[in-house]
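Notes for the one structure printed next.
The values are calculated or read from the model by the stated rules, or taken from the named source; none is laboratory data. Quantities reported herein were computed from a predicted structural model and do not represent experimental measurements. Glycine also receives a Cβ, built like all others from the backbone with ideal geometry; neighbour counts cover every protein chain displayed. Side chains are part of the model used for accessible areas, which takes the heavy atoms of the whole protein and leaves out ligands, DNA and RNA. Shrake-Rupley method; radii C 1.70, N 1.55, O 1.52, S 1.80 Å.
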Amino acid sequence: DDIRRAAELVLDRHGRCDVFVHAAATFASGPVEQVELDAWRQVQAVNVESALLLTQAFAPGMRDRGFGRVIFIVSNTFWSPPDGQMLPYVASKGALIGMARTLAVGLGGDGIAVTAVAPGLTRTPASATRAAAEFADTEAHMALHRPLTPDDTAAVVAMLARDEAEALTGQTLTADGGLVMR
């Protein structure tokens, strides 16, 4: 209900949504034997279900205008999990990649491009609890040996939002400094 109200607020305030970026995420970790079903469901609700509900709210207006961009922020951990402790999170990001591909097919005929951006370990307030050694190790394995910042992800999102990026749909762009090359 909160997600639907948020979408209604956006549409009431602005009258439309041409570009929707889903950047919500929550995290649960631990060995598979300790994954609590409530924690699993919470991660899926925040990371996946909210993306579905908001896309459902914004796609009709995009369809009416013959233009739209839906961009999901996922994670490079889908291709290379750093350990076996991140099952709920990695599974949720994989679900979003599948959603982007399916929605690209379903919405493309209406001028709506759907993509995903997969950043790597990025220096944000949420990642501040990570050990400095984890950042150093990640950066040492990247093709670009430098920290990732939110601006790195934002630049890719801005490019995907442009009119000229319409041919990019159903794709996941990995913005991780060359850590996961696929």
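Scanning region 56-96 for residues that are closer than 27 Å to Leu11 by Cβ, open to solvent by 10 Å² or more (accessible area, probe 1.4 Å) and under 11 Å from the mean Cα position of the chain (by Cα) turns up Ile73, Ala95. Identification of helices (runs of 4 or more DSSP H) wholly contained in region 85-182 with 3 or more residues that are among the polar types (S, T, N, Q), in contact with a Pro (Cβ under 6 Å, 6 or more places away or on another chain) and more than 23 Å from Val46 (Cα to Cα) yields no element. Within region 113-139, the set of residues being within 30 Å of Thr169 (Cα to Cα) and of a type in the set (D, E, K, R) comprises Arg123, Glu139.
Listed by position, the helices (runs of 4 or more DSSP H) contained in region 1-74 that have at least 3 residues being more than 26 Å from Ser127 (Cβ to Cβ) are 2-14, 50-65. Within region 144-159, the set of residues being open to solvent by less than 60 Å² (accessible area, probe 1.4 Å) and more than 30 Å from Gly68 (Cβ to Cβ) comprises just one member, Pro147.
Residues in region 135-166 that are over 30 Å from Thr55 (Cβ atoms) and free of Cβ contacts under 8 Å to residues at least 40 places away in the same chain: Phe135, Ala136, Asp137, Glu139, Ala140, His141, Met142, Ala143, Leu144, His145, Arg146, Pro147.
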